[in-house]
Each structure stands twice: as structure tokens, then as C-alpha cells.
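Worksheet: the structure to be examined is printed underneath.
Throughout, read-outs are computed from the coordinates displayed, never taken from laboratory work. Source: prediction; values computed, not measured. We place every Cβ from the backbone using ideal geometry, glycine too, and count neighbours over all the protein chains shown.
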Amino acid sequence: MDPLHDDLLAGVRDVSPLMLGIVPFALVAGIAAVDAGLGLAEAVGLSVIVFAGASQLAALDLIGSGAPLAVVVGTAVVINLRMVMYSASIAPHFARYARGVRAGLAYFLTDQAYALSVAEFGASDDRSRALYYLGAAVSLWIVWQIGTVAGVVVGAGVPDAWGLTFAVPLVFLALLVPAMKDRPTTAAGVTGGAVAVVAAGLPLNLGLLVGAVTGIVVGLLTEGRSR
Amino acid sequence: MTGGGFALVEGALTRGVLGQWQDVFGGSSDVWAAIVVIGVATYGFRLSFIYLFGRIDEVPQSVKRTLRYVPPAVLAALVFPDFVTLESSLIATLADERLIAGAVAGAVAWRTENVFATITVGMVALWLFRFVVFA
């Protein structure tokens, strides 16, 4: 078989086990969109234009609770800041491609595509960077869009008492736990969460930003002390 | 037709077009504005170093260090208030099906690092306590 196709298929193959987590995540994104009062086109627009699950759910949560748009945008943007780190880390692997190609590759950058690709690129020198990455990243994109639509359609028919939107913080929790992988990151998470609970009464959902900033500072301080 | 008539026709046309826009796209232009701004900023983050690589040798170490704490701090600040609401007494704060379900799901997330298992166990725990234990 054409070795280029092998690289593309390897990306598709390696990403497939992750779909078990992506499918419910995407369904929740669709359900949360309905709960926040969005229509199908807006829900799909959010998934296509932003294509970053955690920030989508946070934005929907805030839209649903009637937060000012500046808070919605600010929160989602802060959550997606980590993409800068992924961009910096994967950039050397993409430096060989033309700018137009890089601009396309960047659109599909997600936590999962980043994590898989960087691991594979470290292990194999002769893999096509773009094809392997696109195999994983575009698969994620397709499943994400289909899942969003399914969530919008399903979400409309489920009674409120079931509390399906509780799945939203559960998804964050499933992403949070592995993100707390050492003492400083654990300190950042625990402090950020605790401060956010205490500050939950602040207007404009500022408790979230106060908690997050406090958590980041405590993480840095903990790291400094353990050196 | 007078100038006023033109203005009237023009106004009706504009309303018609906007009305159709709202019918097709299902609503609020505020929400669309938020989606586009978040999307543009997020794409900017994704593209940043992939585009610039070659001009800057490396990300400043201090930026890297700070970015490392963004995911845990932000995710925890989002999650915790959905599980815990401070009440006037400790018992009222703790006897909450969301907190119990969150704690159980947290344990599953820690053991399995599996999103699907975390959602499933968390939802079942929520329903168990909401519809059976605390019912």
C-alpha cells in the first residue's frame, strides 16, 4: 500500500480508542447547547468555528445562566490558552510545510490530536507528520460534529429532572484528574476549585476567573518551593 | 415616491432580511458574535507558534511554566462549584447528591482516566441519590 496512506491510517487507528470518550463529550456539547437555548445551526456553528470541547461547554453553561457576553468570551478564551502551549510544542514538526498547509493543520489542533501526534513523532522519524496528525485530528473533527448534531436532537427529548447536563462537569472532571499529575499541578487544581466555590457568589461569574488565577499562582509558588 | 416612502420600504426590506437570517440561524446575533470571537481567538492560539516557528527560537520559559497550570486551575474552578454549594451548615453542604456523585466520579476518573466511565458512573450515582436515597 502507498506509505502515505499508511501514515494517514495509522493516525485514524491510533485515535479510535479515544472516541469512546469523545462521543459522549460531543453529545453533551449538543445537549448543553439546547439547554442554553441555542438552535441547531448555532450549536453546529459553535462546534465548527470553535472546535474545542471544554471551552464550548463553559461558554454554553455561562450563556445558559445569562452571563454577560464579555464573561462568556473571556472564560472560553482563557480555557483555550493552553492551545498556545500545544502550538509551540508541535510547531517544530510542522516547520517543514508551507505556511498555507500549517494554517490548515492548526485549525484541527486539539488536546487529543496533540497528545497522540507528539508521542508518535517522538517514536517514529519517518512518519509523515501532516498525514498522521490529520488522520487523528480529522477523525476527531468528524465525530465531534456528528456527536454535536446527535446531542441537539436527543437532548430536546430528555426531561430536566434527569440532570443530563451534570455530565458537563463530569467531563471536565475526567479531564481535570489527569491534568493534576504532580504536586504543583495538584495544588493549582485544588486551590483553583476551592477558591471558585468560596467565590461562587461574586457577580459576572468572576468566581471562576478569581479561582483560576489563584490556582495558577499557587501552582507556580508550589513549583518554586519544591525546587 | 417621497423620501419617507423610500425609508419605509427600505426599513421593511431590512427587517425582512434580518427576520429570514434569524429564521435560518435560529436566533440571537449576540450568541453568534460570541461564537465568532471565541473561534477567532482560539484559532489564533492554535496557529500562533505553528505559524511563527522560525522567527522565535523558543517559547520563553516563564510562559511555558505559567501555561502548565492553566488546565488544572481553570478546569477545577469550573467543576468544583457544580459539585459543591456552600450552605449554612456543614451537613447541608455535604448531603448533596451532586457532591456525592462528583466524589464517586472523581475516584473513577483517577483510577481509569476514562471519560466514558467517569460520565456513566457519575450519572448513575446522581440518579441513585436523587431518585432513591434522598427521594
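In order along region B:77-84, the phi-based Karplus estimate (6.51 cos²θ - 1.76 cosθ + 1.60, θ = phi - 60°) of 3J(HN,Hα) comes to 5, 6, 6, 3, x, 7, 9, 10 Hz; Gly and Pro are listed as x. Per-residue 3J(HN,Hα) values for region A:136-150, derived from phi via the Karplus relation 6.51 cos²θ - 1.76 cosθ + 1.60 with θ = phi - 60°, read 6, 5, 6, 4, 4, 4, 4, 5, 4, 5, 4, x, 4, 4, 4 Hz in sequence order (x marks Gly and Pro).
At 222 nm, what value in deg cm²/dmol follows for the protein assembly as shown if DSSP H runs of at least 4 each add -39500 (n - 2.57) and the sum is divided by all its residues, to the nearest 500?
On the way: 19 runs with 278 residues, N = 362.
Theoretical 222 nm ellipticity from helices: -25000 deg cm²/dmol.
Charge tally for A:VAL50 (other residues, Cβ to Cβ under 15 Å; Lys, Arg +1; Asp, Glu -1): -1. If the viscosity is 0.890 mPa s and the temperature 25 °C, what Stokes-Einstein diffusion coefficient in µm²/s follows for the protein assembly as shown when Rh is the Kirkwood radius over Cα pairs? Using the Kirkwood radius from Cα pairs, D works out to 113 µm²/s. Let me check against my output: what whole-number percent is the relative contact order of region B:60-135, with C-alpha pairs under 8 Å and at least 6 apart? Relative CO of region B:60-135 lands at 22 percent. In order along region A:181-191, phi translates into HN-Hα couplings of 9, 8, 4, x, 5, 5, 4, 4, x, 4, 5 Hz, rounded to whole numbers, per the Karplus curve 6.51 cos²θ - 1.76 cosθ + 1.60 with θ = phi - 60° and x for Gly and Pro.
Give me the Kirkwood hydrodynamic radius of region A:93-227, using the inverse of the mean 1/r over all pairs of distinct Cα atoms, in Å to one decimal. Please report the intermediate quantities before stating the final value.
Working: mean 1/r = 0.0543 Å⁻¹.
Evaluated on region A:93-227, it is 18.4 Å.
Within region A:30-114, the trypsin sites (Lys or Arg not before Pro) that combine a DSSP coil assignment with at most 12 other C-beta atoms in a 10 angstrom radius are A:ARG96. In a reduced charge model with +1 at each Lys and Arg Cβ and -1 at each Asp and Glu Cβ, the protein assembly as shown shows a dipole moment near 840 debye about its Cα centre. Using only Cα positions of region B:43-123, each an equal point scatterer, no hydration layer, compute I(q)/I(0) via Debye at q = 0.14, 0.19, 0.22 Å⁻¹ and quote the log10 values to two decimals. Taking Cα atoms of region B:43-123 as identical point scatterers yields -0.70, -0.91, -1.04.
If I take all pairs of Cα atoms in region A:180-227, what percentage of them are more than 15 Å from each other?
Values: 453 of 1128 pairs.
When all Cα pairs of region A:180-227 are counted, 40 percent exceed 15 Å.
With a cut-off of 12 Å between beta carbons, the residues surrounding B:PHE83 carry a summed charge of -2, where Lys and Arg count +1 and Asp and Glu -1.
I need to check one value: relative contact order of chain A, counting alpha carbon pairs closer than 8 Å and at least 6 residues apart, in percent.
Numbers: 257 pairs, mean separation 65.5, N = 227.
Relative contact order, chain A: 29 percent.
Taking each residue in A:62-68, count the Cβ atoms of any other chain within 10 Å of its Cβ, then average. What number comes out? Show your work: numbers first, answer last.
Details: counts 2, 5, 0, 0, 0, 0, 1.
Mean shielding by partner chains, rounded to a whole number: 1.
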